[in-house]
Structure formats: structure tokens, C-alpha cells
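Read the figures in this text as sums done on the coordinates, not as results from a lab. Being a predicted model, the structure only gives us computed values, none of them experimental. Reconstructed Cβ throughout: ideal geometry from the backbone, glycine too, with neighbour counts over all protein chains shown.
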Amino acid sequence: MQARIRIAVIALGATVLVLGSAVGIVAARFDPNAYKSAIVERVHEKTRRTLTIGGDIRLALYPRLGVNLGKASLSELGGKGEFAALDSVRLSFALMPLLLRQEVVVDRIELRGMRATLVRQIDGSMNIDDLTAARVKHPGQQAGAAGNAGAGPAKVRFAVDSIRVDNAHLRFDDRKAGRVFDIARLNIDSGPIAHGVPSRVALSANIGVDKPALNTVLIFESGFSLDRDTRRVAMTELDANLDLSSRAGIESRAKLKGSIEIDFGKEAIAAALKGKIDDSTVSGKGALRGGLLQLDIDIDRVDLARYRARTGTVEVAPASASATAAASASAVDTAGASAPDQPIDLSALARLRASGTLQVGELTVGGLRAANVHAVLLADAGKTTIKPLSATLYGGNGTGALSIDFTDDADTPRMTLVQDLRGISLGPLLLDATGKTPLSGRGDVQLDLDTRGASTTALREALAGTAALRLRDGVIAGIDLGRLVREAKAAAGVGSEAESTGFGELSASFRIERGVAQNTDLTASTALLRIGGEGQLDLAHATIDARLRCTVIPGLAGQEGPAIGALGGLTVPVALSGPLAQMTWQVDVAALGNEAAQKTGASIPTGGKEKLKDRVKDALGGLFPR
């Protein structure tokens, strides 16, 4: 037994010696540079592209048999312009197949400093179509190849044991979509790449896109398997980290796990991922097929304020549809009119083709808070629609729809918002949205609005549509109508934050054109007054011009004072004007005196305002002191 082992060891040693000697002889006698011109000619013959090899081709024996190639570049089709270049490449070969079967098996590829530019033209053609298209040989070529089969070179078989890419830079100029993708500092380290063989890959890169201006640092590891027959790659146990930043100053960080399947035959990608995006826990499924993106996303909570642009440009991405809805709704927020004008960039949605659902447990948008948000997205042919868009908020609930339409104007899309808010508490809503509470109460609000513009000011100035509200048990801030009626001695004044008017019920409807809301049916009731009125709100500039008719409820006296009894049934006209933040009021003394005189049967004197006040004084028992 020992003798047999000894013989086997000696035989193995002799074999290794013979193989080593053979490799040494090959290395000593083989000059790969002698084939440079033949390689260049062969590439040009097959591709009509020019291959330039700047350095020497060196044969390497350690740590693996292989070929080291220095700097090289490949031209565009026809030889004009550079398509790709690299600083160095190393191909390693399996030794035994080469010696035993004259079969060249490439088992490792190392690329350093690779640079390439992919271009997709407007018609959809690409500058690599000639390299990827299947080639059909002419009958003569097939015959010639068959005739030389016995004397041909060694067969080449790719069974790649590993690939390493260091510091590559790929640029994709998509002229059809109007975008440029830039992949820099690309590093790849993979295990075996072979049909049906489980493997792993690690990748890192800086990925940038110009529209919208975003940059992502991506690091991920994943297991994968390749199915050559179906042209599919399945990635499992994927662990990815992304650091995203935009030119607008938005930053975000994500850590995701899951799986991805790529079908090269159908040009489709499907993914199932879950993890953390900033402070949000996210899970979702998505697929990209034929240019159509399908998404179903579930988020526990998200505050969109952290994704607000910091450089004065508002950028909206396809995934931030709820933020777009809130931005459109805030166009009717009069308090926002005093904010600096900001450009709006919705270009990311113009080319979007997508469908899907979004569920958010807790959503905060610009201070506004909502829960149980549900949205269904459909985007195609230049139009993005979110319908339904529903949520519970401020003690009530809301349902509606949002659409952004680029079909008429790609630069300034038309935005439409329909919302039906039921049973909400309006005061806290306005406080969270604007920091102020000009009006409070619980009830219903309906909005049917449309606008367009490239900035926040333009959106407000173009606002059109209708709005209506019905509230109960609320407060109008900035003016005390009850005091004005009780005292009725000052003809004009300026509203104060310390003043307010409580009401039991209030309703009003508005027709909005060019940012101005017109009202003709305001009604409200307080313990002292029945209020009617009409006027307008300039939403673009946050100003008011309104006329109120405050009718004193007949029979009131007691704690309101005897003067109120004298005013019972009379209507006190009050004019409101100026900025909403500091509106002025004015009591129409002449109209009040006229009505009071008619009520008491006194004739209206001539001789001006003072005589009228004297007559009103007599009629109201000294209500207007000199």
C-alpha cells in the first residue's frame, strides 16, 4: 500500500514538473505582442471599430496563467470618436483545459480604469446595437469556417470564476428620455459567473442623473444565480445602502434588504424590498416592464418636510405624489402668499409611466398631519393622476383626487385638486399649515381647484375653481363684531390678534378666478348677531375686501346692556379691507343711522354727517356720544 502511495506521489510530482516545464517553455517562446496587429485587424473586420492597444501585451504565470494588457481603447462604429477605454485588463486562463484539450477557459477578468459612453438616440437606437445584434454569417463564411475546423485555433470557452472591476466610469446619454445617467467610481467584485451556479457579488458606485438633479452613493452585496437559457439573473439576500442627495439640498439615506430579478429577454426588472429610509420603515414591491413602472409601497410614517428643497427650487419626484397633493392644496392657503416666490420643477413627472398604490400610516406635509393615507397612482402619456387620495385628519376624513397634466404645456403643467373634507377641526389644520388660526370650527370643506405655473406665486395667481365650507362652534380671529355692535362709537379701526368673534354656525361658498375668491352668500350666527355678507379674498396677495351685515337679534338685553335692546333688529354694516394679517374695519355709521331713523320714524336730516349722528343719538338714546 505504501509503495502504491509512493508511486502515486512520484507520478504526481513528475506530472507537475512536466507541466511546469511546458508552461516555462511556452512563456519563454511565446510573444503575445506578435498578435497585436492581428487582433486589431480582427476587431475591425468584425465590428468596423478601431481597437487601439497602447502598451505591450504581457504573458503572466503567477498567480495564474494569463495575459496582461496595458491601456486600450475602442472607437465608435466607423472609427470616429472613442466609445470605451481602459487603463489595464488582465485575463486569466485555466491551465489544464489549455494543455489537455487545447481549450482556452477564461476564469478571471480584471478591469481597471474602464470608461464607456452609451448613447440612445431619439429614435431608440443605441451606439452598441452593432455589438449586441446577432450576426448571421454568409454561406461562404460558414463553409470556410467548417473547412478550417481541424486546423483552427484553440476553442475559447467562458466559465468565469470571478470578475473584478476597479474605478470604472460609465455614462448613459439617453437622448430619447432627455436624461443623462453617470455611474462613477464603479467597483465590482464577483464570484463565479456560470449557468446555474450560485454566486455572490459586491458593488459600489456613485450614480447621478441630471433631470431631476440627483446623486446616489450605492453600496450593496447580494447572492445571485444566472440562467443562461432564459437570460435571467436572480439576486437574493440583497443588502443595499444608498445615500441620496440633490442639487436642491435634499438628502436621504436608505438601508434595504430583499430580492431582485432581471429578465434581459423581456427587458424587465422585478423587486421586493424592505428596510429603512431615513426615519421611515418601508416595504414594497415593484416592477419595470416595457417602460412601465409598477409600485406598491407601505410606509409606517414619513415627514416630507425633510425632503423640502433648501436652495429655492421645489423638485417633485414620482414617489412624492402625496407631497404634490399637499403643495397644490396649500395654493389656497392665504397665509402662504407672503412667503418668497419659489420655482416649481415637476419635470420628473412629465415622462413618468407608472401605476401603483401608496399606504402611509402617519404623514406630515409642511406641518399638516394625516393618518391612514391611501393613494392610487396612474401616470402615462404626460398625465399623472392620484385617485383616490384619502386620509383621516384633524378629527375627520378626506377623499379626493389630484392630477398633473403636461399634455398642453410641458413646462407649466395644469394641476387639478378635488378634495372633500368631512368633520374636520379647521383651526388646528390652519395652525399646522400656516402657524395662524384666522378661522376655526368643526365641519366640512370642499375644494375643486385647478392652476398652473412655474412658481408658487404663479400657481396662486392662476388659481381657479370653487370652494365651500360649513362650520359650527368656531371663531373668526382678528375682529370682535359683538364689541363693534355693542359700542358702535368708533367709525373705523384695525383688527387685533387679541380680538375674535365666536359663532355657532358659518357657511360660505367661493368662485375663484385668477387667484381671487369671490363670495356672495356668507352667513353666520352668534349669540348676539345674524351675519350675512359678500366680498372677495385675493389669495395671491393675502388681502380682503368684504362687506358684512351684522343684524342684532331682537329682544337681547340683560348682560349685553340696554343699548343692545335699542339696536334689536337693526343691521350694523361693517367693511373689512387690507392685508389679512392686519385687516382694517369700518362701521358704516350713515347706513346704520338711516336704518335706525327709519325704525323710530324719524326723518333723515340734511346737513351732513354730524346732523345725522345727532338724529341717530336721539333715536338710539345716546348710543353715539359726542
Which value in nm describes the separation of the simple spin-label points at SER125 and ALA287, placed 7 Å from the Cα toward the beta carbon? 3.3
For region 334-431, what class follows from the C-alpha gyration tensor (a ≥ b ≥ c being the square roots of its eigenvalues): rounded when a/c is under 1.5, otherwise prolate if a/b is larger than b/c, else oblate? oblate
For region 404-499, Rg(Cα) over 2.2 N^0.38 Å is 1.46
Full-stretch length increase - ALA454, ASP409 - with 0.36 nm per residue and alpha-carbon distance subtracted: 15.1 nm
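Only Lys, Arg, Asp and Glu count, each charged at its Cβ (+1, +1, -1, -1), so figure out the dipole size of region 195-290 about its Cα centre, rounded to 20 debye.
That gives region 195-290 a dipole magnitude of about 160 debye.
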Can you tell me how much longer the chain between ARG185 and SER355 gets when fully stretched, taken as 0.36 nm per residue apart minus their C-alpha distance, in nm with one decimal? 57.9 nm
How would you rank GLU76, GLU237, going from fewest to most other Cβ atoms within 10 Å of each one's own Cβ? GLU237, GLU76
Taking a virtual spin label 7 Å from the Cα of GLU251 along the C-beta vector, which residues in region 172-211 bring their backbone nitrogen under 20 Å of it? 205-209
Spin-label proximity, ASP173 to region 110-126 - amide N less than 20 Å from point 7 Å beyond Cα toward beta carbon: 114-126
Distant-in-sequence amide H partners of THR526 (H built 1.01 Å from N, under 5 Å): GLY504, ILE531
Name the residues whose placed amide hydrogens come within less than 5 Å of the amide hydrogen of ALA194, ignoring near sequence neighbours (fewer than 5 apart) on the same chain. LEU226
Going by Cα centres, region 422-450 and region 182-234 are how many Å apart? 48
Evaluate the distance, in nm, between pseudo-label points positioned 7 Å from the Cα of ASP521 and of HIS195 along their respective Cα→Cβ axes. 7.4
Return the long-range amide H neighbours of GLY366 (sequence gap of 5 or more, or a different chain), with a cut-off of under 5 Å between placed amide H atoms. LEU304, ALA305
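Just to verify a number: FRET efficiency for GLN342 and THR392, C-beta to C-beta distance, R0 = 25 Å, to 0.05?
0.25
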Starting at the first residue of region 391-396, write each ³J(HN,Hα) from the Karplus equation 6.51 cos²θ - 1.76 cosθ + 1.60 with θ = phi - 60°, in whole Hz, x for Gly and Pro. 6, 9, 7, 6, x, x
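On full extension of the chain, what length is gained from ARG64 through ARG48, given 0.36 nm per residue of separation minus the C-alpha to C-alpha distance? Walk me through the numbers on the way to the answer.
Working: separation 16, 0.36 × 16 = 5.76 nm, distance 3.28 nm.
Here the segment from ARG64 to ARG48 would lengthen by 2.5 nm.
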Could you derive backbone 3J(HN,Hα) for region 374-383 from the dihedral phi with the Karplus parameters 6.51, -1.76 and 1.60 (θ = phi - 60°), listing whole Hz in sequence and x where the residue is Gly or Pro? 10, 9, 10, 9, 9, 9, 5, 6, x, 9
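If you add up the charges near SER162, with Lys and Arg at +1 and Asp and Glu at -1, over every other residue whose beta carbon is less than 11 angstrom from its beta carbon, what do you get?
Working: positive: ARG64, ARG108, ARG164, ARG200; negative: ASP107, GLU110, ASP161, ASP189.
In short, 0.
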Note, ³J(HN,Hα) from phi for region 267-279, Karplus 6.51, -1.76, 1.60, rounded to Hz, x at Gly and Pro: 6, 10, 10, 10, 9, 9, 9, 8, x, 10, 10, 6, 9
Within-10-Å neighbourhood charge of ARG232 [Cβ basis; K, R +1; D, E -1]: -1
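Using the Cβ atoms and a cut-off under 13 Å, what net charge is assigned to the surroundings of ILE207, where Lys and Arg are +1 and Asp and Glu are -1? Spell out each step's value before the answer.
Numbers: positive: ARG171, ARG179, ARG185; negative: ASP182, ASP210, ASP243.
Local net charge: 0.
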